[in-house]
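Any read-out appearing in this document is the output of simple, stated calculations on the displayed coordinates, not a laboratory observation. Nothing here was measured: the structure is a model prediction, and the numbers come from that model. Every residue, glycine among them, receives a Cβ derived from its backbone with ideal geometry; neighbour counts consider all protein chains shown.
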Amino acid sequence: MEGKWELAIDTPIGRLFLTFSAQENDGELTGTLIGNNNNVEVSDGKFDDGEATFSAYLNAPTGGSTNAAFRLNVDDSGKAYGTVATSFGAFGVEATKQ
């Protein structure tokens, strides 16, 4: 999971994009999410058996903010798919390693 990832989140107001600069050390996942008025550190990050989980407090594009809990299944081709759960609902996520 280590490296730079482009995340595309499918929401009711359209597709939102974030860049995730990830570091992984012995199953602990850290890093930064940048984009859509956000530049935040992730928390509670874990990477185990191809599954990445992490959270971040994000500014919403429509105003306000929300805690976002990501769960991604990472494959060997540099792609990841999953969901992000927020106070606005749960949304699909696609990620591509850059």
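Observations
- Subset of segment 23-41 (residues that are out of contact with any Asp or Glu (no Cβ under 8 Å at 6 or more places or on another chain) and of a type in the set (S, T, N, Q)): ASN25, ASN36, ASN37, ASN38, ASN39
- Flag for GLY92 being under 18 Å from THR30 (Cα atoms) and either surrounded by 13 or more Cβ atoms within 10 Å (Cβ to Cβ) or not acidic (Asp, Glu) (or both): no
- A count restricted to segment 16-39 and to residues that are in a strand (DSSP E or B) and closer than 19 Å to THR83 by Cβ stands at 9.
- When segment 40-56 is limited to residues that are assigned to a loop (DSSP other than H, G, I, E, B) and either of a type in the set (A, V, I, L, M, F, W, C) or free of Cβ contacts under 8 Å to residues at least 12 places away in the same chain (or both), the one that is nearest to PHE91 (Cα to Cα) turns out to be VAL42.
- Checking each residue in segment 60-98 for being farther than 17 Å from PRO12 by Cβ, polar (S, T, N, Q) and free of Cβ contacts under 8 Å to residues at least 60 places away in the same chain picks out SER65, ASN67, ASN73, SER77.
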